[in-house]
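The structure appears below as C-alpha cells.
The values are calculated or read from the model by the stated rules, or taken from the named source; none is laboratory data. Computed from a predicted model, the values in this text were never measured in an experiment. Every residue, glycine as well, gets a Cβ built from its backbone with ideal geometry; the counts of neighbours run over all protein chains shown. Side chains are part of the model used for accessible areas, which takes the heavy atoms of the whole protein and leaves out ligands, DNA and RNA. Shrake-Rupley method; radii C 1.70, N 1.55, O 1.52, S 1.80 Å.
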Amino acid sequence: MTEQKTILNNFYSEDKKQEKPMIDEHAQEQMGILIIDSLYYTLPVIITIWRSGQFYKITGIVNKVDYLMKYIIFESDSNNRINIDDITNVERD
C-alpha cells in the first residue's frame, strides 16, 4: 500500500512541474536594471526563480552580483546564492 502511495505522489509531483519560460532580451535588460538598483540603492525586490520545474519567490535586497560566475547573492531571511540563469522575473517590493 505504501508503495502505491509513493508512486502516486511521484506522479502528481511530476505532473505539477512547469517548463522554464523563455526570457526575451528586453525582459532580461529590465530585470538587470532592477537587480542593479537593488544592489546600489538597497531597494528590496521580489525575485522569481525556476528550479526543478517549480517557481519560487524570494524577497530581499541584492548583496552582490558576480557576472563571471553568473550568480547573485541575495540578502533575505538567509543569504541565498541564486544562479542568474534561474531568474525568471524581478519586480520591486
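Would you say GLU19 is part of a loop (DSSP other than H, G, I, E, B) and open to solvent by 40 Å² or more (accessible area, probe 1.4 Å)? Walk me through it before giving the result.
Values: part of a loop (DSSP other than H, G, I, E, B): yes; open to solvent by 40 Å² or more (accessible area, probe 1.4 Å): yes.
When the stated conditions are applied, GLU19 passes them.
Quickly run through segment 30-46 and pick out the residues that are within 21 Å of LYS20 (Cβ to Cβ) and in contact with a helix residue (DSSP H, G or I) (Cβ under 8 Å, 6 or more places away or on another chain).
The initial filter retains those residues of segment 30-46 that are within 21 Å of LYS20 (Cβ to Cβ), namely 30-32, 34-35, 45-46.
Across segment 30-46, the qualifying residue is only VAL45.
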(request) Go through segment 78-93 and give me each residue that's surrounded by 15 or more Cβ atoms within 10 Å (Cβ to Cβ) and modelled with pLDDT under 90. (result) ASN80
